[in-house]
1. Specify the inter-centroid distance of segment 335-396 and segment 1-75, based on alpha-carbon positions, in whole Å.
2. What does the accessible area per residue of segment 437-487 come to in Å², with a 1.4 Å probe and no ligands, DNA or RNA counted?
3. Determine by what factor the alpha-carbon radius of gyration of segment 58-198 differs from 2.2 N^0.38 Å, reporting the quotient.
4. With the Cα gyration tensor of segment 301-444 giving a ≥ b ≥ c as the square roots of its eigenvalues, does the rule (a/c under 1.5 for rounded; else a/b larger than b/c for prolate; else oblate) give rounded, prolate or oblate?
5. For the chain, what's the relative contact order in percent, using C-alpha pairs closer than 8 Å and at least 6 residues apart?
6. So what is the accessible area of segment 280-434 per residue, in Å², with the probe set to 1.4 Å?
7. With the contact rule set at Cα under 8 Å and sequence spacing of 6 or more, what percent relative contact order holds for segment 262-381?
8. Could you tell me what percent of the accessible area of the chain is made up of carbon and sulfur, with a 1.4 Å probe and every protein chain present?
Amino acid sequence: MDKQNKLMIYSSLSGKKEEFIPLNKNFVGLYVCGPTVYSNVHLGNCRTFISFDMIYRYLVHQGYKVRYLRNITDVGHITAEFDEGVDRIGEQAKLEMLEPMEIVQKYTVYFREIMGLFNALPPSIEPTATGHLIEQIAFIEKIIENGYAYEINGSVYFDVLKYNNDHNYGILSGRKIDELISGTRDLDGQDEKRNPLDFALWKNAAPEHIMKWPSPWGMGFPGWHLECSAMSTKYLGDEFDIHGGGMDLKFPHHECEIAQGCSATGKSPVKYWMHTNMLTLNGKKMSKSTGNFLNPDELFSGKSELLTKAFDPMVVRFFMMQAHYSSMLDFTSDALMASEKGFHKLMEAVARLENLPTGNSSGFDVQALVQSFYDAMNDDFNTPILVSHLFEAVRCINLISDGKETISAADLEFLKKEIHGFVFDVLGLKNSKTEGNNDKLDKVMELVLEMRQQARTDKNWPLSDLIRDRLQDAGFTVKDGKEGASWS
Ligand code: AMP
Ligand code: ZN
(Lines give C-alpha, C1' and ligand atoms only; values in the text may rest on other atoms or scores of the structure.)
(Ligands and ions follow the chains in the order given, each with its own letter.)
Protein backbone atom coordinates (compact mmCIF):
# COMPACT_ATOMS: atom_id res chain seq x y z
CA MET A 1 0.00 0.00 0.00
CA ASP A 2 0.89 3.64 -0.11
CA LYS A 3 4.38 4.62 -1.09
CA GLN A 4 4.96 1.68 -3.44
CA ASN A 5 2.32 3.18 -5.66
CA LYS A 6 3.62 5.85 -7.93
CA LEU A 7 2.77 9.41 -7.09
CA MET A 8 1.90 11.20 -10.31
CA ILE A 9 2.15 14.98 -10.49
CA TYR A 10 0.89 17.19 -13.28
CA SER A 11 3.86 19.24 -14.37
CA SER A 12 3.02 22.65 -15.83
CA LEU A 13 6.36 22.56 -17.64
CA SER A 14 5.77 19.36 -19.61
CA GLY A 15 1.98 19.67 -19.69
CA LYS A 16 1.49 16.10 -18.52
CA LYS A 17 1.38 13.94 -15.45
CA GLU A 18 4.81 12.67 -14.49
CA GLU A 19 5.92 10.17 -11.91
CA PHE A 20 7.32 11.96 -8.89
CA ILE A 21 10.92 10.95 -8.34
CA PRO A 22 12.70 13.25 -5.89
CA LEU A 23 16.20 14.45 -6.78
CA ASN A 24 17.47 13.02 -3.48
CA LYS A 25 15.85 9.81 -2.37
CA ASN A 26 13.39 10.34 0.51
CA PHE A 27 13.92 14.13 0.56
CA VAL A 28 11.74 16.75 -1.07
CA GLY A 29 12.51 20.43 -1.64
CA LEU A 30 9.29 22.41 -2.01
CA TYR A 31 9.08 26.15 -2.66
CA VAL A 32 5.81 28.07 -2.79
CA CYS A 33 5.56 31.77 -3.63
CA GLY A 34 4.17 33.41 -0.52
CA PRO A 35 2.02 36.49 -0.03
CA THR A 36 2.94 40.08 -0.69
CA VAL A 37 2.20 41.52 2.72
CA TYR A 38 0.77 44.91 1.75
CA SER A 39 -2.84 44.08 2.62
CA ASN A 40 -5.00 41.34 4.14
CA VAL A 41 -4.87 38.04 2.30
CA HIS A 42 -8.19 37.33 0.61
CA LEU A 43 -9.88 33.98 0.32
CA GLY A 44 -8.43 33.40 -3.17
CA ASN A 45 -4.87 33.67 -1.85
CA CYS A 46 -5.88 31.31 0.95
CA ARG A 47 -7.02 28.69 -1.53
CA THR A 48 -3.58 28.53 -3.10
CA PHE A 49 -1.82 28.27 0.25
CA ILE A 50 -4.28 25.66 1.52
CA SER A 51 -3.78 23.59 -1.65
CA PHE A 52 -0.03 23.56 -1.13
CA ASP A 53 -0.52 22.80 2.55
CA MET A 54 -2.42 19.68 1.50
CA ILE A 55 0.36 18.76 -0.98
CA TYR A 56 3.00 19.26 1.72
CA ARG A 57 0.95 17.18 4.16
CA TYR A 58 0.60 14.28 1.71
CA LEU A 59 4.32 14.25 0.94
CA VAL A 60 5.06 14.13 4.68
CA HIS A 61 2.40 11.43 5.14
CA GLN A 62 4.20 9.39 2.48
CA GLY A 63 7.33 9.46 4.62
CA TYR A 64 9.31 12.09 2.75
CA LYS A 65 11.45 14.52 4.69
CA VAL A 66 10.21 17.75 3.18
CA ARG A 67 11.91 21.12 3.37
CA TYR A 68 9.04 23.45 2.65
CA LEU A 69 9.74 27.11 1.92
CA ARG A 70 7.09 29.76 1.59
CA ASN A 71 8.48 33.24 1.35
CA ILE A 72 7.12 36.55 2.52
CA THR A 73 7.39 39.23 -0.16
CA ASP A 74 8.15 42.33 1.86
CA VAL A 75 9.71 44.42 -0.88
CA GLY A 76 9.94 44.52 -4.64
CA HIS A 77 6.43 43.42 -5.65
CA ILE A 78 5.79 46.10 -8.11
CA THR A 79 2.63 47.24 -9.72
CA ALA A 80 2.19 47.55 -13.48
CA GLU A 81 3.96 50.87 -13.16
CA PHE A 82 7.13 49.14 -12.06
CA ASP A 83 9.20 51.16 -14.43
CA GLU A 84 8.26 54.13 -12.33
CA GLY A 85 9.46 52.10 -9.33
CA VAL A 86 6.14 51.79 -7.52
CA ASP A 87 6.45 49.18 -4.82
CA ARG A 88 3.19 47.90 -3.29
CA ILE A 89 4.49 47.94 0.26
CA GLY A 90 6.01 51.40 -0.03
CA GLU A 91 2.73 52.68 -1.49
CA GLN A 92 0.65 51.18 1.29
CA ALA A 93 3.04 52.62 3.89
CA LYS A 94 2.36 56.09 2.48
CA LEU A 95 -1.39 55.49 2.47
CA GLU A 96 -1.53 54.23 6.06
CA MET A 97 1.19 56.66 7.22
CA LEU A 98 3.26 53.85 8.66
CA GLU A 99 6.81 52.60 8.25
CA PRO A 100 7.00 49.98 5.47
CA MET A 101 8.12 47.44 8.08
CA GLU A 102 5.02 48.22 10.14
CA ILE A 103 2.93 47.37 7.08
CA VAL A 104 4.91 44.17 6.60
CA GLN A 105 4.52 43.19 10.26
CA LYS A 106 0.81 43.99 10.38
CA TYR A 107 -0.13 41.92 7.34
CA THR A 108 2.31 39.10 8.07
CA VAL A 109 0.75 38.65 11.50
CA TYR A 110 -2.71 38.61 9.93
CA PHE A 111 -1.62 36.12 7.28
CA ARG A 112 -0.18 33.72 9.88
CA GLU A 113 -3.27 34.02 12.04
CA ILE A 114 -5.55 33.15 9.12
CA MET A 115 -3.34 30.27 8.01
CA GLY A 116 -3.49 28.96 11.59
CA LEU A 117 -7.30 29.13 11.59
CA PHE A 118 -7.30 27.13 8.36
CA ASN A 119 -5.04 24.60 10.08
CA ALA A 120 -2.26 25.13 7.53
CA LEU A 121 1.07 23.88 8.87
CA PRO A 122 3.86 26.44 9.13
CA PRO A 123 6.53 26.02 6.44
CA SER A 124 10.00 24.81 7.43
CA ILE A 125 11.45 28.19 6.44
CA GLU A 126 9.57 31.43 5.80
CA PRO A 127 12.26 33.66 4.31
CA THR A 128 11.72 37.36 3.64
CA ALA A 129 13.00 39.27 0.64
CA THR A 130 14.50 42.03 2.80
CA GLY A 131 16.35 39.40 4.82
CA HIS A 132 18.07 38.12 1.66
CA LEU A 133 19.44 41.22 -0.07
CA ILE A 134 23.02 39.94 -0.01
CA GLU A 135 21.94 36.72 -1.73
CA GLN A 136 19.92 38.67 -4.30
CA ILE A 137 22.81 40.98 -5.11
CA ALA A 138 25.13 37.97 -5.48
CA PHE A 139 22.58 36.33 -7.78
CA ILE A 140 22.46 39.42 -10.01
CA GLU A 141 26.25 39.53 -10.14
CA LYS A 142 26.30 35.95 -11.43
CA ILE A 143 23.78 36.78 -14.15
CA ILE A 144 25.79 39.86 -15.21
CA GLU A 145 28.98 37.78 -15.19
CA ASN A 146 27.34 35.26 -17.51
CA GLY A 147 26.34 38.04 -19.87
CA TYR A 148 22.54 37.97 -19.45
CA ALA A 149 22.04 41.27 -17.64
CA TYR A 150 23.24 44.85 -18.03
CA GLU A 151 23.48 47.89 -15.83
CA ILE A 152 22.16 51.28 -16.80
CA ASN A 153 21.65 54.37 -14.62
CA GLY A 154 21.96 52.36 -11.42
CA SER A 155 19.41 49.74 -12.47
CA VAL A 156 20.13 46.22 -13.72
CA TYR A 157 17.92 44.58 -16.34
CA PHE A 158 17.67 41.03 -17.54
CA ASP A 159 18.43 40.78 -21.26
CA VAL A 160 15.50 38.69 -22.49
CA LEU A 161 16.49 38.57 -26.16
CA LYS A 162 20.06 37.54 -25.41
CA TYR A 163 18.75 34.85 -23.09
CA ASN A 164 16.27 33.66 -25.67
CA ASN A 165 19.07 33.19 -28.20
CA ASP A 166 20.64 30.57 -25.96
CA HIS A 167 17.58 29.26 -24.12
CA ASN A 168 13.84 29.37 -24.46
CA TYR A 169 12.03 32.31 -22.85
CA GLY A 170 8.46 31.01 -22.86
CA ILE A 171 9.27 27.41 -22.00
CA LEU A 172 6.82 27.40 -19.08
CA SER A 173 4.06 29.71 -20.19
CA GLY A 174 4.15 28.75 -23.87
CA ARG A 175 4.42 32.41 -24.87
CA LYS A 176 6.23 33.19 -28.09
CA ILE A 177 8.89 35.84 -28.00
CA ASP A 178 7.70 37.49 -31.25
CA GLU A 179 4.17 37.83 -29.92
CA LEU A 180 5.48 39.18 -26.65
CA ILE A 181 7.53 41.78 -28.45
CA SER A 182 4.62 42.92 -30.61
CA GLY A 183 2.48 43.12 -27.46
CA THR A 184 4.75 45.61 -25.71
CA ARG A 185 4.89 49.30 -26.24
CA ASP A 186 7.79 51.57 -25.73
CA LEU A 187 6.72 54.21 -23.23
CA ASP A 188 7.30 57.33 -25.35
CA GLY A 189 10.81 56.15 -26.12
CA GLN A 190 11.65 57.01 -22.51
CA ASP A 191 12.55 53.46 -21.63
CA GLU A 192 16.15 52.94 -20.60
CA LYS A 193 15.88 49.21 -21.26
CA ARG A 194 17.40 47.69 -24.40
CA ASN A 195 14.12 45.98 -25.07
CA PRO A 196 10.70 46.55 -23.50
CA LEU A 197 10.59 42.82 -22.57
CA ASP A 198 13.64 43.13 -20.33
CA PHE A 199 12.75 43.03 -16.67
CA ALA A 200 14.44 44.63 -13.69
CA LEU A 201 16.68 42.63 -11.41
CA TRP A 202 17.65 45.74 -9.48
CA LYS A 203 15.97 49.09 -9.62
CA ASN A 204 17.64 52.39 -8.91
CA ALA A 205 15.73 54.26 -6.17
CA ALA A 206 14.88 57.92 -6.40
CA PRO A 207 15.98 59.93 -3.32
CA GLU A 208 12.39 60.07 -1.98
CA HIS A 209 11.93 56.29 -2.28
CA ILE A 210 11.66 54.83 1.24
CA MET A 211 12.70 51.20 0.81
CA LYS A 212 16.22 51.15 -0.58
CA TRP A 213 19.57 49.53 0.09
CA PRO A 214 23.16 50.01 -1.04
CA SER A 215 24.38 47.82 -3.89
CA PRO A 216 27.27 47.73 -6.37
CA TRP A 217 24.98 49.80 -8.63
CA GLY A 218 24.00 52.40 -6.05
CA MET A 219 20.96 52.78 -3.78
CA GLY A 220 18.05 50.72 -4.97
CA PHE A 221 15.81 47.72 -4.41
CA PRO A 222 15.47 44.22 -5.89
CA GLY A 223 12.97 43.08 -8.51
CA TRP A 224 10.19 40.75 -7.44
CA HIS A 225 11.12 37.73 -9.62
CA LEU A 226 14.62 37.75 -8.23
CA GLU A 227 13.82 37.12 -4.58
CA CYS A 228 12.28 33.72 -5.27
CA SER A 229 15.30 32.61 -7.32
CA ALA A 230 17.74 33.77 -4.66
CA MET A 231 15.88 32.29 -1.70
CA SER A 232 14.80 28.98 -3.24
CA THR A 233 18.29 28.13 -4.46
CA LYS A 234 19.90 29.26 -1.20
CA TYR A 235 17.93 26.75 0.86
CA LEU A 236 17.05 24.05 -1.70
CA GLY A 237 19.98 24.09 -4.12
CA ASP A 238 20.40 25.15 -7.76
CA GLU A 239 18.00 22.36 -8.72
CA PHE A 240 15.12 21.34 -6.51
CA ASP A 241 11.98 19.24 -6.69
CA ILE A 242 8.76 21.26 -6.62
CA HIS A 243 7.98 24.92 -7.15
CA GLY A 244 4.42 26.09 -6.78
CA GLY A 245 2.15 29.07 -6.90
CA GLY A 246 -1.16 30.20 -8.35
CA MET A 247 -1.68 29.94 -12.13
CA ASP A 248 -1.50 33.69 -12.46
CA LEU A 249 2.15 33.57 -11.43
CA LYS A 250 3.16 31.36 -14.37
CA PHE A 251 3.86 34.41 -16.46
CA PRO A 252 5.86 36.50 -16.02
CA HIS A 253 6.93 35.58 -12.48
CA HIS A 254 7.82 31.91 -12.88
CA GLU A 255 8.95 32.25 -16.49
CA CYS A 256 11.42 34.87 -15.23
CA GLU A 257 12.53 32.64 -12.36
CA ILE A 258 13.45 29.91 -14.85
CA ALA A 259 15.33 32.47 -16.97
CA GLN A 260 17.19 33.80 -13.94
CA GLY A 261 18.07 30.31 -12.71
CA CYS A 262 19.27 29.07 -16.12
CA SER A 263 21.36 32.16 -16.74
CA ALA A 264 22.97 32.15 -13.30
CA THR A 265 23.74 28.44 -12.95
CA GLY A 266 23.20 26.98 -16.42
CA LYS A 267 20.59 24.65 -14.93
CA SER A 268 16.83 24.79 -15.02
CA PRO A 269 16.03 25.27 -11.33
CA VAL A 270 12.88 23.19 -10.86
CA LYS A 271 11.92 19.61 -11.69
CA TYR A 272 8.15 19.86 -11.14
CA TRP A 273 6.30 23.17 -11.59
CA MET A 274 2.86 23.04 -9.99
CA HIS A 275 0.13 25.63 -10.42
CA THR A 276 -3.12 25.92 -8.52
CA ASN A 277 -6.27 27.26 -10.06
CA MET A 278 -8.22 30.30 -9.04
CA LEU A 279 -11.02 30.77 -6.58
CA THR A 280 -13.70 32.82 -8.28
CA LEU A 281 -16.52 34.97 -7.01
CA ASN A 282 -19.44 35.78 -9.29
CA GLY A 283 -17.60 33.77 -11.93
CA LYS A 284 -14.57 36.08 -11.86
CA LYS A 285 -11.18 35.62 -10.25
CA MET A 286 -11.04 36.85 -6.67
CA SER A 287 -8.65 39.72 -6.72
CA LYS A 288 -7.78 42.70 -4.57
CA SER A 289 -7.26 45.03 -7.49
CA THR A 290 -10.75 44.54 -8.96
CA GLY A 291 -12.47 44.59 -5.56
CA ASN A 292 -14.01 41.19 -6.34
CA PHE A 293 -12.96 39.36 -3.20
CA LEU A 294 -13.97 38.15 0.22
CA ASN A 295 -11.82 38.36 3.33
CA PRO A 296 -11.53 35.30 5.54
CA ASP A 297 -12.82 37.21 8.59
CA GLU A 298 -15.98 38.19 6.74
CA LEU A 299 -16.56 34.51 6.23
CA PHE A 300 -15.91 33.56 9.84
CA SER A 301 -18.15 36.33 11.16
CA GLY A 302 -20.81 36.12 8.45
CA LYS A 303 -20.58 39.88 8.06
CA SER A 304 -20.91 40.16 4.30
CA GLU A 305 -23.76 40.76 1.89
CA LEU A 306 -22.64 37.62 0.08
CA LEU A 307 -23.31 35.34 3.02
CA THR A 308 -26.40 34.15 4.81
CA LYS A 309 -24.41 33.01 7.84
CA ALA A 310 -20.96 32.60 9.35
CA PHE A 311 -18.81 29.59 8.45
CA ASP A 312 -16.24 27.65 10.41
CA PRO A 313 -12.74 27.74 8.84
CA MET A 314 -12.79 23.94 8.70
CA VAL A 315 -15.95 23.99 6.59
CA VAL A 316 -14.22 26.37 4.19
CA ARG A 317 -11.16 24.15 4.07
CA PHE A 318 -13.36 21.12 3.37
CA PHE A 319 -15.16 23.08 0.64
CA MET A 320 -11.78 23.71 -1.01
CA MET A 321 -10.73 20.07 -0.66
CA GLN A 322 -13.89 19.03 -2.53
CA ALA A 323 -12.38 20.52 -5.69
CA HIS A 324 -9.16 19.50 -7.41
CA TYR A 325 -6.41 22.06 -6.87
CA SER A 326 -6.09 22.59 -10.61
CA SER A 327 -9.81 23.23 -11.20
CA MET A 328 -11.48 26.59 -10.91
CA LEU A 329 -13.70 26.83 -7.87
CA ASP A 330 -16.56 29.27 -7.58
CA PHE A 331 -17.41 30.58 -4.17
CA THR A 332 -21.08 30.76 -3.20
CA SER A 333 -22.87 30.74 0.10
CA ASP A 334 -25.01 27.80 -1.09
CA ALA A 335 -21.98 25.71 -2.01
CA LEU A 336 -20.57 26.36 1.46
CA MET A 337 -23.85 25.32 3.08
CA ALA A 338 -23.65 22.02 1.21
CA SER A 339 -20.02 21.57 2.31
CA GLU A 340 -21.01 22.30 5.88
CA LYS A 341 -23.48 19.41 5.83
CA GLY A 342 -20.90 17.10 4.28
CA PHE A 343 -18.24 18.16 6.75
CA HIS A 344 -20.43 17.44 9.76
CA LYS A 345 -21.50 14.11 8.31
CA LEU A 346 -17.86 13.12 7.83
CA MET A 347 -16.83 14.30 11.30
CA GLU A 348 -19.72 12.50 12.95
CA ALA A 349 -18.73 9.25 11.24
CA VAL A 350 -15.10 9.73 12.27
CA ALA A 351 -16.26 10.22 15.88
CA ARG A 352 -18.45 7.13 15.60
CA LEU A 353 -15.38 5.05 14.67
CA GLU A 354 -14.33 5.23 18.33
CA ASN A 355 -17.25 3.21 19.60
CA LEU A 356 -18.03 0.82 16.77
CA PRO A 357 -18.88 -2.74 17.79
CA THR A 358 -16.54 -5.40 16.40
CA GLY A 359 -17.39 -8.91 15.37
CA ASN A 360 -17.20 -10.94 12.18
CA SER A 361 -15.25 -9.73 9.17
CA SER A 362 -16.99 -7.19 6.99
CA GLY A 363 -18.93 -7.83 3.88
CA PHE A 364 -16.97 -4.95 2.35
CA ASP A 365 -13.30 -4.98 1.48
CA VAL A 366 -11.55 -2.69 3.96
CA GLN A 367 -8.16 -3.05 2.26
CA ALA A 368 -9.56 -2.05 -1.13
CA LEU A 369 -11.38 0.89 0.37
CA VAL A 370 -8.22 2.21 2.01
CA GLN A 371 -6.21 1.58 -1.16
CA SER A 372 -8.67 3.81 -3.00
CA PHE A 373 -7.68 6.70 -0.67
CA TYR A 374 -4.04 6.31 -1.69
CA ASP A 375 -4.88 5.87 -5.35
CA ALA A 376 -6.81 9.13 -5.36
CA MET A 377 -3.99 11.09 -3.75
CA ASN A 378 -1.32 9.42 -5.88
CA ASP A 379 -3.18 10.63 -8.94
CA ASP A 380 -2.00 14.25 -8.74
CA PHE A 381 -3.42 14.86 -5.25
CA ASN A 382 -7.01 14.23 -6.27
CA THR A 383 -8.78 15.33 -3.10
CA PRO A 384 -12.36 15.32 -4.51
CA ILE A 385 -11.98 11.64 -5.37
CA LEU A 386 -10.47 11.00 -1.95
CA VAL A 387 -13.46 12.73 -0.35
CA SER A 388 -15.88 10.58 -2.36
CA HIS A 389 -14.10 7.43 -1.11
CA LEU A 390 -14.19 8.77 2.43
CA PHE A 391 -17.96 9.07 2.07
CA GLU A 392 -18.03 5.45 0.99
CA ALA A 393 -16.29 4.74 4.29
CA VAL A 394 -18.86 6.91 6.09
CA ARG A 395 -21.63 4.77 4.60
CA CYS A 396 -19.91 1.59 5.88
CA ILE A 397 -19.31 3.09 9.33
CA ASN A 398 -22.96 4.04 9.62
CA LEU A 399 -24.08 0.57 8.55
CA ILE A 400 -21.83 -1.01 11.19
CA SER A 401 -23.07 1.45 13.76
CA ASP A 402 -26.67 0.53 12.91
CA GLY A 403 -25.88 -3.19 13.24
CA LYS A 404 -26.44 -3.84 9.52
CA GLU A 405 -22.79 -4.60 8.79
CA THR A 406 -19.91 -6.02 10.81
CA ILE A 407 -16.18 -5.41 11.09
CA SER A 408 -13.37 -7.38 12.75
CA ALA A 409 -11.31 -5.74 15.48
CA ALA A 410 -8.17 -5.79 13.31
CA ASP A 411 -9.96 -4.24 10.34
CA LEU A 412 -11.47 -1.57 12.55
CA GLU A 413 -8.04 -0.62 13.95
CA PHE A 414 -6.66 -0.40 10.44
CA LEU A 415 -9.58 1.59 9.09
CA LYS A 416 -9.45 3.99 12.01
CA LYS A 417 -5.73 4.64 11.59
CA GLU A 418 -6.05 5.26 7.86
CA ILE A 419 -9.15 7.44 8.11
CA HIS A 420 -7.50 9.54 10.80
CA GLY A 421 -4.43 9.80 8.58
CA PHE A 422 -6.38 11.04 5.58
CA VAL A 423 -8.94 13.22 7.31
CA PHE A 424 -6.71 14.89 9.90
CA ASP A 425 -3.15 14.61 8.57
CA VAL A 426 -3.63 14.84 4.81
CA LEU A 427 -6.78 16.91 4.33
CA GLY A 428 -5.84 18.87 7.45
CA LEU A 429 -9.38 18.89 8.85
CA LYS A 430 -10.11 18.98 12.53
CA ASN A 431 -13.11 19.11 14.75
CA SER A 432 -13.67 22.65 15.76
CA LYS A 433 -13.12 22.83 19.54
CA THR A 434 -16.40 24.56 20.15
CA GLU A 435 -18.38 22.20 17.96
CA GLY A 436 -20.23 20.59 20.87
CA ASN A 437 -21.11 24.03 22.18
CA ASN A 438 -22.10 25.21 18.71
CA ASP A 439 -24.66 22.45 18.50
CA LYS A 440 -26.14 23.56 21.79
CA LEU A 441 -26.02 27.19 20.77
CA ASP A 442 -27.80 26.32 17.51
CA LYS A 443 -30.64 24.77 19.49
CA VAL A 444 -30.95 27.73 21.86
CA MET A 445 -30.90 30.19 18.98
CA GLU A 446 -33.50 28.17 17.13
CA LEU A 447 -35.75 28.48 20.19
CA VAL A 448 -35.14 32.24 20.54
CA LEU A 449 -35.88 32.85 16.87
CA GLU A 450 -39.05 30.78 17.10
CA MET A 451 -40.19 32.91 20.04
CA ARG A 452 -39.42 36.04 18.06
CA GLN A 453 -41.36 34.64 15.10
CA GLN A 454 -44.31 34.02 17.39
CA ALA A 455 -44.10 37.63 18.60
CA ARG A 456 -44.17 38.81 14.98
CA THR A 457 -47.14 36.59 14.18
CA ASP A 458 -48.91 38.11 17.19
CA LYS A 459 -47.91 41.55 15.89
CA ASN A 460 -46.10 42.08 19.17
CA TRP A 461 -43.52 44.35 17.51
CA PRO A 462 -41.97 45.73 20.72
CA LEU A 463 -41.11 42.18 21.85
CA SER A 464 -39.78 41.06 18.46
CA ASP A 465 -37.62 44.20 18.22
CA LEU A 466 -36.42 43.77 21.78
CA ILE A 467 -35.27 40.22 21.02
CA ARG A 468 -33.46 41.36 17.89
CA ASP A 469 -31.78 44.31 19.65
CA ARG A 470 -30.71 42.30 22.66
CA LEU A 471 -29.24 39.66 20.38
CA GLN A 472 -27.46 42.42 18.48
CA ASP A 473 -25.98 43.74 21.76
CA ALA A 474 -24.71 40.25 22.51
CA GLY A 475 -22.99 40.11 19.10
CA PHE A 476 -25.57 38.11 17.12
CA THR A 477 -26.91 39.42 13.84
CA VAL A 478 -30.40 38.35 12.87
CA LYS A 479 -31.37 38.41 9.21
CA ASP A 480 -34.99 38.04 8.11
CA GLY A 481 -35.21 36.08 4.88
CA LYS A 482 -37.82 34.37 2.76
CA GLU A 483 -37.37 31.14 4.64
CA GLY A 484 -37.54 32.70 8.08
CA ALA A 485 -34.91 34.33 10.21
CA SER A 486 -31.29 33.25 10.39
CA TRP A 487 -28.48 34.37 12.66
CA SER A 488 -24.76 34.78 12.62
P1 AMP B 1 0.05 37.65 -4.10
O2 AMP B 1 0.13 38.05 -2.65
O3 AMP B 1 -0.76 38.57 -4.92
O4 AMP B 1 1.43 37.41 -4.69
O5 AMP B 1 -0.70 36.26 -4.17
C6 AMP B 1 -0.37 35.17 -3.36
C7 AMP B 1 -0.80 33.87 -4.01
O8 AMP B 1 -2.23 33.83 -4.15
C9 AMP B 1 -0.24 33.65 -5.40
O10 AMP B 1 0.22 32.33 -5.52
C11 AMP B 1 -1.43 33.88 -6.32
O12 AMP B 1 -1.33 33.13 -7.49
C13 AMP B 1 -2.55 33.37 -5.45
N14 AMP B 1 -3.88 33.91 -5.83
C15 AMP B 1 -4.22 35.18 -6.08
N16 AMP B 1 -5.54 35.28 -6.40
C17 AMP B 1 -6.05 34.03 -6.32
C18 AMP B 1 -7.35 33.45 -6.52
N19 AMP B 1 -8.41 34.19 -6.84
N20 AMP B 1 -7.49 32.11 -6.35
C21 AMP B 1 -6.42 31.33 -6.01
N22 AMP B 1 -5.18 31.81 -5.80
C23 AMP B 1 -4.98 33.14 -5.95
ZN1 ZN C 1 7.74 33.78 -6.36
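The values are calculated or read from the model by the stated rules, or taken from the named source; none is laboratory data. Worth saying up front: this structure is predicted, and the values here are computed from it rather than measured. FYI the Cβ positions are ideal-geometry reconstructions off the backbone, even for glycines, and counts take in every protein chain you see. Protein only, heavy atoms only, side chains kept; ligands, DNA and RNA dropped before computing areas. Shrake-Rupley method; radii C 1.70, N 1.55, O 1.52, S 1.80 Å.
1. Here the answer is 24 Å between Cα centres.
2. 77
3. Compactness ratio reported: 1.33.
4. oblate
5. Result for the chain is 16 percent.
6. Accessible surface, normalised per residue, equals 44 Å².
7. 22
8. Carbon and sulfur atoms account for 51 percent of the accessible area of the chain.
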